[in-house]
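Heads up, the thing below is written out as structure tokens.
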Amino acid sequence: MRRRIFPLIGLAVFMMLPPLATWIGEPYLVSTFTRIVIFAIAAVTLDLLIGFGGMVSFGHAAFFGLGAYVSGIIAHHAAEQITLFGLPATDQALIIWPLAILVSAAAALVIGFLSLRTSGVHFIMITLAFAQMLYFLFVSMEKYGGDDGLMMLERNPLPGLDMSDDWSFYYLCLGLLAVVLFILGRLINARFGMVLRSIKQSGPRARSLGISSLAYRLTAFCIAGAGAGLAGALMANHNGFVSPALLHWTLSGDILIMVVLGGIGTLYGPVLGAVIFLALEEFLPLAFEGAGLPGFKEHWRVVFGPLLIVIVLFAKSGLYGFLLGKEAADV
Amino acid sequence: MSEPALSLSGLNKRFGAVVAADNLELEVAAGEIHALIGPNGAGKTTLIAQISGELAPDSGRIRFLGRDITGLAVHERSRAGLGRTYQITSVFKDFNVLNNVILAVMARKGQGFGFVRPARSDPTLRDPAMEILRQMGLEARARDKAGALSHGEQRQLELALALALKPKLLMLDEPMAGMGPEDGQNMVEFLQGLKGDCAMLLVEHDMDAVFALADTISVLDYGRLIASGPPETIRTDEAVRRAYLGTD
């Protein structure tokens, strides 16, 4: 029962956030909410790997950053009117965003193919290493701003929508999060999802039933990479700016924490994780200031760290598991 | 005489100084129950791992239904019709019982790449899976989590997973291990009922079960095959008595 209601309540709350922000006289908060929704997309796709596929990837920022850079670079070419690979560049979202998804999926295919030969700690380290390789690649690309990153003059236009309007952009991102959740929800209960979850539970047993685990895990890796690429493209549009920080390993860590916080192996948990993580990041510093402790402002993680430990120790399926009890598990 | 279901030739496997398979030659005839016995550490489980493809032999060939499978991966061998159960129960504990078998049916059909329709409500998967559960007497437990089953029921589910593959050769690694006398007797009767559907390679320590079921018994000791033949011959074989059955 709670399982059915929770997503609906969540959706209703997300729908009401922008008017709420205006009502309390803090309209800039819409930008924070957009950030939350975008990171939620990245987090739910990472949970497909960790929670349903048993692949603890520590390099999800690679696909996020790639998606962002695809957006940034093409928009840059369009603005400067220089061709890209001999083709005229465009700034249309309907072309750029699918390309971002495609490039991230292709990168995931290559990185996944090489990384999935390992497992456990080795897998964590190799995905981290690939992400850092891409990070340094973009740091060294002087043509696209190197360390300083690349500005985007305006958001990629989408027919029928005023992209410069923050409310429109927020609702667009929210709609895309809903689409991603819908797709993943079908996926994990379809044949593919069952096979993936069986491999997580026992790889040797699945193989002895005739299941080729690499093919399934690699497909999941590509789907997750594609989702992160979409999130990255949205983030580039949201910030109007891309930089190598979007590929940095600390960002992979942040997304990972959102998944753990919200609930590994639950569909909606990581959304909750993104909300809590980014809300704390935003408001804890303010809370310290308000409490007369401005010195702690920079160190909001002082509170965040212990909180994470408590959640990991006491709520096995994260906050979502805590809220839903036994209903949280997707069987 | 038809082609043997399985034939091993010149199989060798060593772990340092430990010899797990010493120039093994073994044939499992089509449709027979072939029991593999021997003291602990004789190399029985290692041999099953080599046949199923989890371990590669140092040398030698494995032929299955006339086809050389020595170089095939685990999942390719099971797709060819090689089913197995594990000595330590290995079922998908987070799935319910029905979903366990649905997964195996899906794997047999090679239809894992469906992304949209829910697998558990697909009649082409659910009906054959329920049929197997009925056969195993696990029907009433279909909706329960596999991890919540009793040990004996988990052993039955383990066998149900292997049967869902409709194997041509079924390798059973101590199917009665940890079962009480009653469950053990039920298992013996169940396996007797399967006779003729597929060939079986049975590793078992319960000698009553072995002598009740087997058409042929092979005795393994330190990776060597010291005897092979019908039960009556094995019971009276001198070398076997010394190595294993004990002199009385």
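The residue list B:Ser228, B:Ser218 contains one member that is surrounded by fewer than 21 Cβ atoms within 10 Å (Cβ to Cβ), outside any helix (DSSP H, G or I) and in contact with a strand residue (DSSP E or B) (Cβ under 6 Å, 6 or more places away or on another chain), which is B:Ser228. When segment B:84-103 is filtered for residues that are more than 11 Å from A:Met194 (Cβ to Cβ), within 7 Å of chain A (Cβ to nearest Cβ) and in contact with a Leu (Cβ under 8 Å, 6 or more places away or on another chain), only B:Arg84 remains. The residues listed here are B:Leu72, B:Leu47, B:Leu65; of these, the one that is in the same structural domain as B:Lys195 (by TED's automatic domain parsing), of a type outside the set (Val, Ile, Thr), more than 16 Å from B:Ser218 (Cβ to Cβ) and touching a residue at least 60 places away in the same chain (Cβ under 8 Å) is B:Leu65. Among the residues in segment A:212-225, are any closer than 30 Å to A:Met151 by Cβ and out of contact with any Asp or Glu (no Cβ under 8 Å at 6 or more places or on another chain)? Yes.
Reported count of residues in segment B:179-209, each being of a type outside the set (A, V, I, L, M), surrounded by fewer than 18 Cβ atoms within 10 Å (Cβ to Cβ) and part of a helix (DSSP H, G or I), is 10. If only residues of segment A:1-25 that are more than 23 Å from the chain's Cα centre (by Cα) and either in a loop (DSSP other than H, G, I, E, B) or of a type in the set (Lys, Arg) (or both) are counted, the one that is farthest from A:Gly321 (Cα to Cα) is A:Gly25. Only one of A:Gly51, A:Gly149, A:Gly120 is more than 21 Å from the chain's Cα centre (by Cα) and among the small types (Gly, Ala, Ser); which? On inspection, the qualifying residue turns out to be A:Gly120. In the condition set (1) at the interface with chain B (Cβ under 8 Å from one of its Cβ atoms); (2) farther than 18 Å from B:Gln111 by Cβ; (3) of a type in the set (D, E, K, R), A:Arg155 is compliant with all but (1). Annotation: B:Ala129 fulfils all but one of (1) within 30 Å of B:Gly43 (Cα to Cα); (2) outside the structural domain of B:His75 (by TED's automatic domain parsing); the unmet one is (1).
Would you confirm whether any residue within segment A:56-76 is over 21 Å from A:Tyr268 (Cβ atoms) and outside any helix (DSSP H, G or I)? Checked segment A:56-76: at least one residue is over 21 Å from A:Tyr268 (Cβ atoms) and outside any helix (DSSP H, G or I). For segment A:212-225, a tally of residues being free of Cβ contacts under 8 Å to residues at least 40 places away in the same chain, more than 7 Å from chain B (Cβ to nearest Cβ) and over 19 Å from the mean Cα position of the chain (by Cα) returns 2. Scan segment B:135-154 for residues that are more than 12 Å from chain A (Cβ to nearest Cβ) and either surrounded by fewer than 12 Cβ atoms within 10 Å (Cβ to Cβ) or closer than 23 Å to A:Arg186 by Cβ (or both) and the total you get is 2. The one condition from (1) more than 20 Å from the chain's Cα centre (by Cα); (2) without any contact (Cβ under 8 Å) to a residue 40 or more places away in the chain that A:Leu158 does not meet is (2).
The single condition among (1) over 29 Å from A:Met163 (Cα atoms); (2) touching a His at 6+ places or on another chain (Cβ under 9 Å); (3) without any contact (Cβ under 8 Å) to a residue 60 or more places away in the chain that A:Ala131 does not satisfy is (3). Applying the set (1) away from chain A (no Cβ under 12 Å); (2) out of contact with any Asp or Glu (no Cβ under 7 Å at 6 or more places or on another chain); (3) closer than 30 Å to B:Gly66 by Cβ to B:Glu182 leaves exactly one unmet item: (3). In segment B:118-134, of all residues being of a type in the set (Gly, Ala, Ser) and in contact (Cβ under 8 Å) with a residue 12 or more places away in the chain, the one that is nearest to the other protein chains (Cβ to nearest Cβ) corresponds to B:Ala119. Between B:Leu165, B:Leu161, B:Leu220, which is farther than 18 Å from B:Leu65 by Cβ, within 14 Å of chain A (Cβ to nearest Cβ) and touching a residue at least 40 places away in the same chain (Cβ under 8 Å)? Just a single option satisfies the conditions, and that option is B:Leu161.
Condition check ((1) without any contact (Cβ under 8 Å) to a residue 60 or more places away in the chain; (2) small (Gly, Ala, Ser); (3) part of a helix (DSSP H, G or I)) across all residues:
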| position | (1), (2), (3) |
| --- | --- |
| A:Gly210 | yes, yes, no |
| A:Ala231 | no, yes, yes |
| A:Ala236 | no, yes, yes |
| A:Ile255 | no, no, yes |
| A:Ile276 | yes, no, yes |
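Of everything in segment A:172-202 that is free of Cβ contacts under 8 Å to residues at least 24 places away in the same chain, more than 7 Å from every other protein chain (Cβ to nearest Cβ) and within 19 Å of A:Gly265 (Cβ to Cβ), the residue that is surrounded by the fewest Cβ atoms within 10 Å (Cβ to Cβ) is A:Phe182.
Criterion applied to A:Ala75, A:Ala107 was being at pLDDT below 95 and under 20 Å from A:Leu246 (Cβ atoms), and the one residue passing it is A:Ala75.
Against the list (1) modelled with pLDDT under 95; (2) under 23 Å from B:Ile33 (Cβ atoms), the condition B:Arg117 fails is (2). Please enumerate the residues belonging to segment B:147-195 that are over 15 Å from the mean Cα position of the chain (by Cα), more than 14 Å from B:Gln135 (Cα to Cα) and not assigned by TED's automatic domain parsing to the domain that holds B:Met130. Passing the criteria: B:Gly178, B:Met179, B:Gly180, B:Pro181, B:Glu182, B:Asp183, B:Gly184, B:Gln185. Note on segment B:29-59: residues that are more than 14 Å from chain A (Cβ to nearest Cβ) and assigned to a loop (DSSP other than H, G, I, E, B) total 13.
The values are calculated or read from the model by the stated rules, or taken from the named source; none is laboratory data. In this text, all values refer to a predicted model and were calculated from it rather than measured experimentally. Cβ atoms come from the backbone with ideal geometry, glycine included; neighbour counts cover every protein chain shown.
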